[in-house]
Amino acid sequence: MSDSDIYDAVIVGGRCAGATLAAQLARGGWQVVMVDRDQLGSDTLSTHLMFPNTLARLEELGVLARLRRDHELRPVLFRMSLLGREFGGAFTPVAGYDRCMAIRRPALDRALAEQAIAAGAHARYGEQVKSLIGAGSEADPVAGVVLDGGEQIRARWVFGADGRASTVARSLGLEKVNVLAGDMSMLISYWHGLPATDYATLATAADCGVSWMPCEDGADLLITFGPSDHTRGNAVTRERAHMHCLRSFSAMIDFERIEGAERIGQIQAAPETMLRGFYKQAAGPGWALVGDAGHFKHPGSAQGISDAIEQAIHLARELTTGDYEPASYARWRDERAAGFYEWSFSFGRLAREDTTGPIADGVKADPDATQDFLDTFTRQVHPADALNGQRLEAWFGAQRVSQ
């Protein structure tokens, strides 16, 4: 296309949500361009973990085949250790997948982008969108974007897939609603040389917690989480806090092995303020939001990548079949998130014996409850069903009897 042509869609953001949307629209015959301020294959903060439903979707999209071709992938079981109560295992299979997998974003985002480009989408990485053409109202629909250098790219649609600090959402003046907050912050590091493990693990104590995620190509992700002051200070104090928390979980991962491993890059910080959830208006005249741009949940439940991909696929299907209406997309997004949004923040708060303990005891003691709890991560079971009133009454009743 020439610079004077009008695209069917400009997608601001070329990662999980944007690249998936671009691929699906291009396959539907749309002329699409992705614009992303970061270079292709650059890193971004993420928990990286994907569950069987998302792996099955990546297989369907052809992305998992690309990843297998270029990387050594590490599917693993999933376990939790909540205040010393450990449970876990395999998920109920989704299209043959019963393991989870962590793939770092440079690898995952590149594979998604390559799939979109192969489908016919245009890509402009390393370029910043400055503003929108049009106010996004009925009288003045969004009709394109303006880049930092002043270049205009005109399109029938503009889609914001540019993350929780979305330029598209900000340009439209969209407010956050239904804001939720946890009480903990995270420190994140990557390593080579840690011992092999068959599990992705989430472990919590009263004052801190650890996630250990085996990633592709022999790397491992270690996340520590603690109170809001866990991420405060400079690089030295953050490293001290990170290593102190890891040391307290030496029964899970030998701290001497961590000390003998090679850390990849610097420790990254995600303060509590960065982890607060919200909804924003999903769509309007000439525009729509996908992924974290329109709805951000707590990353402790590792649902962000899955939600971004599913929203992109759903939106593209509505647009290419002619069934799209802004209200219907918004309703679908919000109904799909109901309950799972609030549930994500149960992973955004530090564990307490009086609240977490009875649930952990109950889940561990009941194999059906264990499986249901695992399958909330794949959306095969709703959190309200896994932790239904009958179970909670029994579990907390047992706690009262024991006191």
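The values are calculated or read from the model by the stated rules, or taken from the named source; none is laboratory data. Computed from a prediction, not measured in an experiment: that's the story for all the values here. Cβ coordinates were reconstructed from backbone atoms using ideal geometry, including for glycine residues, and neighbour counts include every protein chain displayed. The area values use the complete protein model at the heavy-atom level, side chains included, leaving out ligands, DNA and RNA. Shrake-Rupley method; radii C 1.70, N 1.55, O 1.52, S 1.80 Å.
Beta carbons closer than 7 Å, at least 6 apart along the sequence or on distinct chains, pair a first residue in region 102-130 that is of a type in the set (Gly, Ala, Ser) with a second that is in a loop (DSSP other than H, G, I, E, B) and open to solvent by less than 40 Å² (accessible area, probe 1.4 Å) for 102/48; 102/215; 113/14; 123/14.
For the condition of a type outside the set (Lys, Arg) and not in a helix (DSSP H, G or I), residue 371 does not qualify. Of all residue pairs spaced 6 or more apart or on separate chains, those with beta-carbon atoms under 7 Å, a first member in region 296-314 that is of a type in the set (Ser, Thr, Tyr) and a second member that is open to solvent by 10 Å² or more (accessible area, probe 1.4 Å) are 301/343; 301/347; 306/53. A single entry from 250, 301, 344 fulfils the requirement of being farther than 23 Å from residue 109 by Cβ and not aliphatic (A, V, I, L, M): 250.
Results for (1) modelled with pLDDT under 95; (2) in contact with a Ser or Thr (Cβ under 7 Å, 6 or more places away or on another chain), shown as yes or no for each residue.
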site	(1), (2)
297	no, yes
305	no, yes
322	yes, no
331	no, no
361	no, no
388	no, no
399	yes, no
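Restricted to region 326-344, and to residues there that are of a type in the set (A, V, I, L, M, F, W, C) and exposed (fewer than 15 other Cβ atoms within 10 Å of the Cβ), the residue that is farthest from residue 303 (Cα to Cα) is 327.
Applying the criterion of being acidic (Asp, Glu) and within 22 Å of the chain's Cα centre (by Cα) to the residues of region 1-45, the residue that is modelled with the lowest pLDDT is 43. If the condition is being out of contact with any Leu (no Cβ under 7 Å at 6 or more places or on another chain) and either open to solvent by less than 50 Å² (accessible area, probe 1.4 Å) or small (Gly, Ala, Ser) (or both), then region 136-145 contributes 137, 139, 143, 144. Applying the condition of being touching a residue at least 40 places away in the same chain (Cβ under 8 Å) and open to solvent by 20 Å² or more (accessible area, probe 1.4 Å) to region 371-386 and asking which residue is farthest from residue 79 (Cα to Cα) yields 384.
As a summary of the residue check, residue 352 satisfies the conditions (1) under 24 Å from residue 203 (Cβ atoms); (2) surrounded by 16 or more Cβ atoms within 10 Å (Cβ to Cβ) except for the one numbered (2). For region 158-171, a residue qualifies if it is in contact (Cβ under 8 Å) with a residue 24 or more places away in the chain and surrounded by fewer than 22 Cβ atoms within 10 Å (Cβ to Cβ), and the qualifying residues are 164, 167.
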